[in-house]
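Structure first, then comments.
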Ligand code: SF4
Ligand code: SF4
């Protein structure tokens, strides 16, 4: 079992500069639910002063893994890495009841298999009207949509398998890239993949979709199952190694951040060098397009009747802003689209509560954070909120449903596709 390294834990100088950026500290006001408090707990476990099963686990469970504390920390505490170790230790300790571990594993394994996940969502949609409150244990009930989680997800796409293996560039060829289609994303956000391919082609890139790529392992490593994560990651690395590509493009923030850190996942294993070579080629799609330079759309996008343009706002997905440091690139691209006015969102980089499967496991805190996010989106007056992560897209969409003034949500690459007037190309 992986152990904490004291040089990482001792980097925390207890300054507290991270506290106000931590969503759970802001919501609870409790030191134990702050980054500093959690690091203190990790250190106490590491030094044998406490055990996970004595009151420490709930604070690790309540952490979103959003890594806003890393952005705020002047001392360079690698909080995300520490959290992964803490979660793996908790899952192997008596602190985690066996039934909880089984349910968690079941959810993660289901999400990592697109066909099984699509089948489960369709089945859950059929069953959810028949199931009443309390008919199932809470995690299973939430998963089956009794509280509306599943019923309100985007439609399941059956066209996933219809993506071709290769898409040619349009105009002058500028390079060849591989695309991660993702596990959850390929089922619920097929259109984002289609938009990504179309936008890359329009900008002169040949796009390869390696077969059999599956899940990147992000959900597993973020939730305390690094062995499964390594197994999934290795399959993905092998898939992309078979293709000669200049970059591996990702449109999901959570996947991208994990893939950029594969060398850490495989540290001290025979695959570390391979993992690093792979990680070095990973780019978020907005980061990639900003680096390459995009073709500007020819026609402006129109807004609501009576508006001079299309007003949009942007929510920073945590694993894009805090884990990958990608903030400027999506904004620059959005601002460059003719007719579009970007209104900054207050607390744009505060977690919306989605956080992988956090909204299933910690629904109360997740809902509080969602409400906070929705209030701030409403205050911008935007017609569209843009964000670069499937979990945020699905979760924020649920919160937007009840607004009297409709607000749409989409990935920035979908807005770009609309601006290019590219439709039904895949
Ligand atoms: S990862 Fe997010 S929720 Fe967890 S301690 Fe850091 S800021 Fe707080
Ligand atoms: S900002 Fe960094 S050093 Fe300061 S308390 Fe938070 S984690 Fe520790």
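The values are calculated or read from the model by the stated rules, or taken from the named source; none is laboratory data. A quick note: this is a predicted structure, and the numbers were derived from the prediction, not measured. Note that each Cβ is placed from the backbone with ideal geometry, even for glycine, and that neighbours are counted across all protein chains shown.
Only one of these is under 21 Å from the mean Cα position of the chain (by Cα), surrounded by 24 or more Cβ atoms within 10 Å (Cβ to Cβ) and either closer than 20 Å to residue 290 by Cβ or outside the structural domain of residue 252 (by TED's automatic domain parsing) (or both): 391, 325. Name it. So the residue among 391, 325 that is under 21 Å from the mean Cα position of the chain (by Cα), surrounded by 24 or more Cβ atoms within 10 Å (Cβ to Cβ) and either closer than 20 Å to residue 290 by Cβ or outside the structural domain of residue 252 (by TED's automatic domain parsing) (or both) is 391. Given the structure, is residue 90 buried (at least 18 other Cβ atoms within 10 Å of the Cβ), under 29 Å from residue 316 (Cβ atoms) and away from ligand 2 (no atom under 11 Å from the Cβ)? Answer is yes for this residue.
Kindly evaluate residue 108 against the criterion of being away from ligand 1 (no atom under 16 Å from the Cβ), touching a residue at least 24 places away in the same chain (Cβ under 8 Å) and closer than 26 Å to residue 349 by Cα. Criteria met by residue 108. Checked against the criterion of being under 25 Å from residue 27 (Cα atoms) and touching a helix residue (DSSP H, G or I) at 6+ places or on another chain (Cβ under 7 Å), segment 400-407 has at least one qualifying residue.
A single member of 345, 361, 296 is crowded, with 21+ Cβ neighbours inside 10 Å and either within 30 Å of residue 105 (Cβ to Cβ) or modelled with pLDDT of 95 or more (or both), and it is 345.
Could you please let me know if residue 23 is away from ligand 2 (no atom under 13 Å from the Cβ) and either farther than 18 Å from residue 351 by Cβ or at pLDDT 95 or above (or both)? It would help to see each step written out before you state the result.
Numbers: away from ligand 2 (no atom under 13 Å from the Cβ): yes; either farther than 18 Å from residue 351 by Cβ or at pLDDT 95 or above (or both): yes.
Judged against the criteria, residue 23 is a match.
In the condition set (1) more than 16 Å from ligand 1 (Cβ to nearest atom); (2) closer than 18 Å to residue 64 by Cβ; (3) touching a strand residue (DSSP E or B) at 6+ places or on another chain (Cβ under 8 Å), residue 348 is compliant with all but (1). With respect to (1) away from ligand 1 (no atom under 16 Å from the Cβ); (2) farther than 28 Å from residue 186 by Cβ; (3) surrounded by 15 or more Cβ atoms within 10 Å (Cβ to Cβ), the lone exception for residue 70 is condition (1).
The condition of being more than 10 Å from ligand 2 (Cβ to nearest atom) and not in a loop (DSSP other than H, G, I, E, B) holds for residue 42. All conditions in (1) closer than 20 Å to residue 222 by Cα; (2) in contact (Cβ under 8 Å) with a residue 40 or more places away in the chain; (3) away from ligand 1 (no atom under 11 Å from the Cβ) hold for residue 100, with the sole exception of (2).
Take the residues in segment 169-209 that are in a loop (DSSP other than H, G, I, E, B) and under 21 Å from the mean Cα position of the chain (by Cα); name whichever of them is farthest from residue 278 (Cα to Cα).
In the first step, residues of segment 169-209 are kept if they are in a loop (DSSP other than H, G, I, E, B); the result is 169-174, 180-183, 189, 203-204, 209.
Now restrict to residues that are under 21 Å from the mean Cα position of the chain (by Cα): 180-183, 189, 209.
Numbers: 180: 13, 181: 16, 182: 16, 183: 19, 189: 24, 209: 16 Å.
Filtering segment 169-209 for residues that are in a loop (DSSP other than H, G, I, E, B) and under 21 Å from the mean Cα position of the chain (by Cα), the one farthest from residue 278 (Cα to Cα) comes out as 189.
So for segment 371-383 (the condition being touching a helix residue (DSSP H, G or I) at 6+ places or on another chain (Cβ under 6 Å), at pLDDT 95 or above and either under 27 Å from residue 201 (Cβ atoms) or buried (at least 21 other Cβ atoms within 10 Å of the Cβ) (or both)), does at least one residue qualify? Within segment 371-383, not a single residue is touching a helix residue (DSSP H, G or I) at 6+ places or on another chain (Cβ under 6 Å), at pLDDT 95 or above and either under 27 Å from residue 201 (Cβ atoms) or buried (at least 21 other Cβ atoms within 10 Å of the Cβ) (or both). The residues of segment 1-20 that are more than 16 Å from residue 84 (Cβ to Cβ) and either part of a helix (DSSP H, G or I) or more than 13 Å from ligand 2 (Cβ to nearest atom) (or both), listed by number, are 6, 7, 19, 20.
Checking the condition without any contact (Cβ under 8 Å) to a residue 60 or more places away in the chain and either part of a helix (DSSP H, G or I) or over 27 Å from residue 60 (Cα atoms) (or both), which residue from 370, 289 passes?
Only one candidate passes the filter, namely 370.
For segment 50-67, a residue qualifies if it is within 11 Å of ligand 1 (Cβ to nearest atom) and touching a residue at least 40 places away in the same chain (Cβ under 8 Å), and the qualifying residues are 61, 62, 64, 65, 66, 67.
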